[in-house]
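Here the structure is laid out as structure tokens; the discussion comes afterwards.
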């Protein structure tokens, strides 16, 4: 019974993204999405981190990934939301059916679908009303800032007297 050849047995740990955790896959509650040692991938909406850093789904739905390498976040979009408010952009990516202002104007990354929806929305009556309201808000804020700057300029020059306290 020699000890010469006994240091090579290794049990595979199967680290990484599970097959169910790939983009666009349907998952059930509690299903394993990622097995990891430490944080390589982060939990998003409807995903929980377990004690061993693995990520599991909290709801039935579709898996969606976002972010760059080493800062990726996995989310599970619930089926109810998918059926009512989403459309498939391609074979494994969900997108909104209609644009809403909170979706932003960012142009980097894979946002062609959302930006096209934004163009259509801005041409609609609702979009024009929103743009008009936003423009009014911006002009009002510019007026307020101009008054503040003028007051500061006068106070630096020493031409503003102290305000009388209100009774």
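The values are calculated or read from the model by the stated rules, or taken from the named source; none is laboratory data. Worth saying up front: this structure is predicted, and the values here are computed from it rather than measured. Cβ placement follows ideal geometry from the backbone for every residue including glycine, while neighbour counts extend to all protein chains displayed.
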Checklist entry - Got at least one residue in the stretch 134-145 being under 24 Å from residue 66 (Cα atoms), free of Cβ contacts under 8 Å to residues at least 24 places away in the same chain, part of a helix (DSSP H, G or I) and within 30 Å of the chain's Cα centre (by Cα)? => result no
Checklist entry - Any residue in the stretch 68-82 that is on the phi > 0 side of the Ramachandran plot, in contact with a strand residue (DSSP E or B) (Cβ under 9 Å, 6 or more places away or on another chain), surrounded by fewer than 17 Cβ atoms within 10 Å (Cβ to Cβ) and at pLDDT below 90? => result yes
Checklist outcome for this item: When (1) exposed (fewer than 10 other Cβ atoms within 10 Å of the Cβ); (2) in contact (Cβ under 8 Å) with a residue 24 or more places away in the chain are applied to residue 162, the one that fails is (2)
Checklist entry - Quick one: residue 111 ticks every box in (1) modelled with pLDDT of 90 or more; (2) out of contact with any strand residue (DSSP E or B) (no Cβ under 7 Å at 6 or more places or on another chain); (3) within 30 Å of residue 49 (Cα to Cα); (4) surrounded by 11 or more Cβ atoms within 10 Å (Cβ to Cβ) bar one, so which box is it? => result (1)
